[in-house]
Each structure stands twice: as C-alpha cells, then as structure tokens.
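The values are calculated or read from the model by the stated rules, or taken from the named source; none is laboratory data. All figures in this text were calculated on a predicted structure; none of them were measured in a lab. Cβ atoms come from the backbone with ideal geometry, glycine included; neighbour counts cover every protein chain shown.
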Amino acid sequence: MAGAKQSWTGDFAVIGGGLSGLISALAAANRGLSVALAAPPLAEPDGRTTALLADSIAFLKEIGLWEAMEPIAHPLRTMRILDGTNRLIRAPQADFRASEIGLDAFGYNLENKVLAAMLHGQISASKHISVFEEPVVEFDETAPGQHAATLQSGMKIAAKAYAAADGRNSMIRQQLAITCRQWRYPQVALVANLEHTLDHHDTSTEFHTETGPLTLVPLGVKRSSLVIVLDEAGADALLALNEAALARELEERMHSVLGKLKLVSPVGKFPLSSALAGKFGKDDVMLIGEAGHAFPPIGAQGLNLGIRDIRTAVALAGEPLRPGLPPAGERYHRRRAADIASRTASVDLLNRSLLSAFLPVQAVRAAGLYLLANAGPMRRLMMREGVLPGMGLQNLSERLRGGLKPSAMRERST
C-alpha cells in the first residue's frame, strides 16, 4: 500500500488487478514509466490455466518477465484436433507441430493462481509501481480529454494515460460512455486439472463435439488442464457424478488418449459469453483485456489478445506528447481495432460452426480441417498467424516477392 498522501501523479495508471492489469503495470514499469496500480485484492484465482502463445512469450521476454515465468510454465509443442462428434460428416485428425514453423513450442500453459502470485511478487519488488489496494469510485474529466481517478479512501490519481483493465463490467468504460455489445451462448464451460497415467508428450488435444470443444492442455508431467464446453443440462449431469464416476466419464469422452484420469482440483463452471466494446480507447484511456473484448475459451486467444493490447498501450503511454497528436486512447483504438475485431469474429464463427447441425456448415468445417491437415503451405500459414499475428502473412509476402527462387520452389514442394 502506498503512503498516506492524498494524491498520486505520474505517467501511467492501471485500473484493475487481474492478470491483464498486473502485466500492464509491470510492462509499463519496465519501460521506466511511473505507474499506479489501483485494484482491491481479488479472491484467490480458481483452478483455471492460461496458455500463452509465442507472440506473448516474446513480449514477456522483452519486458523481463519470462525468466521468472518459465519455471512454472509447461510447453505446448503439438496441437491436435480430433472430431469427437457422431455426425454424418466428420473432420479428419489434424496435427500441428511447432517445429514445422521453426518454433520450439507454440506456447506455454500456466496455472492462473501460480502466475498471479509470481506477478504480485514482481510488483512488490518494483520501485516504479505504487500499489493502491482499493477500488476506483469516481473517474472524472479534469480538463478536455484528461481524467483523474478517485479511490474509495479519497486518494486522487492523476496520470498521463490510463489502462482500464477492470473486466467485462468495466466501470471506467461505462464512465466514458463507451458502448459494449454482449451476447450469450447456450453453453457453459467446465474446467478442472487432471492427473493421468499416459504421457501427453507436450501435446494439446482438442476434441470437437456437438456442444463445443473438449480441450486438454499439458500442465506438467502426466498432468493436464481440462476445458469441456457443454450445454447446461450436460454440464449439470456431469457435475452430479461423484469424483470417480466423473473421471471415468471424462476418460470415455476423450477415448482414453491419456489413460486413466484423476481429478486434482475442484471442477469450475462458467457460462459462455462474448463482449465487444464500441471503441477500445478514448481520450487518455485505453481498454485492456476484457474491458474491451471477451469471448469463450477457444483457441487460447483471450489473454494473448490482451497482451497485444498491453504492448500497444504501454508503447503509446511512453511516447512524448506533441502538438496536434491525437490522444493516446484514439491512437490505441486505431491500432487495436482490426486485430480485436478479427479475433472475436473468428472465435465466434468457430464456436457457432461446432454447434451447427446444418450439413453444409459441417461439410465446410470438415473440408477446412482436411486442407489444414494435408496442405503444408496453408497449414504453416495458419499456424504462424495463430501464434504470431502477422507472421504468416509476412512470410507469404516474402515468398511471393522471392518469386521462383530455388528456396521458394523447395518450400512450395513441401
């Protein structure tokens, strides 16, 4: 907790103490900015995990966080998609290997509670971050395009730029009168951590089922995290089982790919929904993570998209102000809008395609997975775009500029 003074003035204020808020504060401090982190203590994170992809890992290395994260992270070297439906048109198995695009791993899986504890430790050790463990109760405009935050104790925070990382029901977003479109899906996610008798070989396995994906992500030696998406009735039926019966049912649904199962955490239940803000920044404020966008746990995109928000927000907060330069929030919106909109639409489309019983939709999804499984150049393009946005298109552009050079022809023949 910061001292007894009644005001703080500095470069960058982060509102919100979730993973996005904690990383935002540390990223800004690493850039030499003076940072205020305003957030009441949160309940201890549940048993959920987060898969951070290669682009996020690269940024975490830049800001000096990855060295502390690596010992608690578990690599994802292969991603496998299996059709777990009983439909007429079924997709083939598709395996994606990080080595095929020159990466050691697509990313790493971490337990949220372990990650949060590590981040809090880093924040406590930082000389650049002032921590205020209380909520913001007012966010007022003090001059055209400039704001100040008032905390519950009366403490005033005045920053050159703000990161609103205060979640789906963001108070800051509402104070700025930024609209937010929200929608629900007829699904819930059950999450748990498992021990199993067979090795996962650093492979993340995703079964596509009629109600959504069943995903297993490595979490250490013969340990994995589970996310299974179901309709409400299906989720309640599983939750009604005792622990041993639930483990047997899950093993059957995943065709014993990991052998015998044992639950090692409580099972959490979360309704599936999405949200998309009308703007991602305004005046001196930038919406980070779920304050600006939220969607179901499909394709490991949630926090990874938030980390791209953080990279842009911190870069803008560190830029010197120049006459005629648009406010940081406006520039942030321009830079982030296309990425956020495209990722939200992709996750929404994939989820809806899994739910659709319409045969042409099933045929298109199956054909798409067939092409990814068998067409090397397309598979590599999609893998690069999935883990390093822009990398796939950049690689394609370089190959096209290279014309029919021998190296390009060799790539085309693989």
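Hey, could you check segment 104-122 for residues that are surrounded by fewer than 19 Cβ atoms within 10 Å (Cβ to Cβ) and more than 16 Å from the chain's Cα centre (by Cα) and say which is nearest to residue 384 (Cα to Cα)?
Among residues in segment 104-122 that are surrounded by fewer than 19 Cβ atoms within 10 Å (Cβ to Cβ) and more than 16 Å from the chain's Cα centre (by Cα), the one nearest to residue 384 (Cα to Cα) is 104.
I'd like to know if segment 253-274 contains one or more residues that are over 21 Å from residue 348 (Cβ atoms) and part of a helix (DSSP H, G or I).
Looking for residues that are over 21 Å from residue 348 (Cβ atoms) and part of a helix (DSSP H, G or I), one finds at least one in segment 253-274, hence yes.
For residues in segment 148-188 being closer than 13 Å to residue 282 by Cβ and in contact with a Lys or Arg (Cβ under 7 Å, 6 or more places away or on another chain), which is surrounded by the fewest Cβ atoms within 10 Å (Cβ to Cβ)?
Among them, the one singled out is 180.
Taking the stated definitions as given, is residue 163 under 23 Å from the mean Cα position of the chain (by Cα) and assigned to a strand (DSSP E or B)?
So residue 163 passes the test.
Return the residue satisfying two criteria in turn: it lies in segment 43-64 and is under 17 Å from residue 312 (Cα atoms) and of a type in the set (Val, Ile, Thr), and of such residues it is surrounded by the fewest Cβ atoms within 10 Å (Cβ to Cβ).
63
Among what's in segment 148-160 and is aliphatic (A, V, I, L, M), in contact (Cβ under 8 Å) with a residue 40 or more places away in the chain and assigned to a strand (DSSP E or B), pick the residue that is farthest from residue 311 (Cα to Cα).
151
List pairs: first in segment 128-147 and without any contact (Cβ under 8 Å) to a residue 40 or more places away in the chain and within 28 Å of residue 41 (Cβ to Cβ), second assigned to a loop (DSSP other than H, G, I, E, B) and not aromatic (Phe, Trp, Tyr), Cβ under 7 Å, 6+ apart or cross-chain?
137/152
When residue 105 is evaluated against the numbered criteria (1) touching a strand residue (DSSP E or B) at 6+ places or on another chain (Cβ under 6 Å); (2) in a helix (DSSP H, G or I); (3) of a type outside the set (D, E, K, R), which criterion, by number, is the only one it fails?
Status for residue 105: all satisfied but (2).
Does segment 316-326 hold any residues that are surrounded by fewer than 24 Cβ atoms within 10 Å (Cβ to Cβ) and either touching a residue at least 60 places away in the same chain (Cβ under 8 Å) or not assigned by TED's automatic domain parsing to the domain that holds residue 31 (or both), and which are they?
The answer is 316, 318, 321.
Kindly provide the set of residues from segment 292-333 that are charged (D, E, K, R) and assigned to a helix (DSSP H, G or I), ordered by number.
308, 309, 311, 330, 331
If we keep just the residues of segment 45-80 that are of a type in the set (S, T, N, Q) and assigned to a strand (DSSP E or B), which is nearest to the chain's Cα centre (by Cα)?
So the residue we want is 50.
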